[in-house]
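Read-outs: derived from the displayed coordinates by stated rules, not from any lab. Computed from a prediction, not measured in an experiment: that's the story for all the values here. Backbone-built Cβ (ideal geometry, glycine too); neighbour counts: all protein chains shown.
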C-alpha cells in the first residue's frame, strides 16, 4: 500500500496483532489515495491487517470508497470470528448475517456487485486480498473432494482452498466480461509470502517457509495479465520486491509514482518483456529480536546476506512428509529450531549458483560479506526503530458488542 520498506514504518517486527495500538503510519499515502485523485473508484474486499485501533487507520480513511471484509489477521472462514469475537465489516457496519458462508464466496459476490454497479465512465481499482490459503485451513467439502489422491487431510484441504480461490477469481473475471470491462482490465496477482510449513504450505526445493527470510519464505510467483501488456506470455525473472507493486500499478494506470519511494516501477519491464531496473533489495531489518539480536537480510545482484535470526523453519521440507507444528516441536525444541538456521551470525549465498541456500559462503568470501554488510548498514541509517505494540485492554470486543471494532485508541503507534 505504501511503496516503502516496513523498516521505514517501524513495522519490521512481526505483524499487527489483534487489539494492538498500531497501524500503518498515517503520514504515508496509500496506493488508492493516488488512484482516487486520478479519478478512480476504489474498493477493498477481503483482509485488511494494516491496523484498526483508530478509525483513521481503516480502509475508508486510507483511500478506499468502500470496504467489505475483516480487520485482523486470521478469522474463521465460515463464522468470521477471531479469538472468540466477530470480525466482519461492511464499511462502518458490522456484518452479522453471514455465519456459515465461506469467505471466498462472499468476497466474490461483493466484487460482482461492485463491478455490476460500476459507472463505466470512471476507471476502477478493485483490491481483492482473499484470505485463502491462510490458516485456519477450511474449505467447503466439494472442493476438498476434488483431491481424493492426496492422503494427508491437511494438504487435501489446502489444495481445495486453492481451487476455491480459483473459482472465486473466476467469478470476478466473468463479472468483468458481463460488464464489458474485461478487455480493458489489468490483473495483478501476487502472494505475500511463501507457504507456511506447519500449515501444509510447501516451498520445496527452496529452504525455509513463511515467517523466515530464507527463499522459501520470501520468493513467490506472481503474474500480470490483461490490457496493455505488449509482450504477452513473457517471463520476468528480474529482481522484484513487494514494495514495487505500488509504483508499478500507478505506472500501469498512466500515473507518475513518487520518485522517493523504496519501490521501483517494473511496469515497463513486465509489459514489454525487457530487463528490470532493480539490482538490490532488503529482506528485513530488525534489531529487536532477542534470540540472536537481529533479523536482517539483503540481496545485491546474485548474492544474499543474512544476519542473525532467520526464523523458525530453517530446513528443507520435501513434500512427501507432514510438518505440523506438533511434529516439529516433538522433533526439535523452539530453541533448537532457531539455532538450526543460525550456525553462524552471517550467512552468505550465491543465489544464482545455489538458489536453495545450501552452502554458506561467509567464511570463504569475507570481502563479499563486508560489501553487503556495508550496504545494509547504509539502509539501517534510514531505519525507524521497530514499534513493539501491546494489546490494549480498551480494545476488548466485549466493550463493542462483542465485535472487533475501531475507535479505542486516540493516537496509534505509527
Can you give me the C-alpha center-to-center distance between region 43-92 and region 1-38, rounded to a whole angstrom? 15 Å
Springs between alpha-carbon atoms under 10 Å, Gaussian network over the chain: tell me which of 397, 123, 148 tops the mean-square fluctuations. 148
Hey, got the Cα dimensions of region 87-158 along the principal axes, in Å, largest first? 50, 27, 18
Residue-normalised 222 nm signal for the chain, counting each DSSP H run of n ≥ 4 as -39,500 (n - 2.57), nearest 500 deg cm²/dmol, is -7000 deg cm²/dmol
Roughly what % of Cα-Cα distances in region 206-257 sit above 15 Å, to the whole percent? 61 percent
Cα-Cα pairs of the chain separated by more than 33 Å (percent): 35 percent
For labels at residue 367 and residue 163 in the simple 7 Å Cα→Cβ model, what's the distance in nm? 5.6 nm
To the nearest 0.05, the calculated FRET efficiency linking residue 60 and residue 152 through their beta-carbon distance, R0 being 51 Å, is 0.80
One finds the C-alpha centres of region 143-172 and region 217-267 to be spaced, in Å, by 28 Å
Pair-distance profile P(r), taking every C-alpha pair of region 157-253, with 5 angstrom steps and integer %: 3, 11, 16, 19, 19, 17, 11, 4, 1
Percent antiparallel among DSSP beta bridges with both residues in the chain, to the nearest 5? 70 percent
Length added when fully stretched, residue 320-residue 344, from 0.36 nm per residue minus Cα-Cα: 5.7 nm
Percent RCO, i.e. relative contact order, over the chain, from Cα pairs under 8 Å lying at least 6 residues apart: 20 percent
Interatomic Cα distance distribution for region 34-151, bins of 5 angstrom, percent: 2, 11, 20, 22, 18, 13, 8, 5, 2, 1, 0
List 171, 299 from most exposed to least, where exposure is judged by having the fewest other Cβ atoms within 10 Å. 171, 299
Please state the shape class of region 3-56: rounded when a/c is under 1.5, otherwise prolate if a/b exceeds b/c and oblate if not, all from the C-alpha gyration tensor. prolate
If 364, 45, 322, 224 are placed from fewest to most neighbouring beta carbons inside 10 Å, the sequence is 364, 322, 224, 45
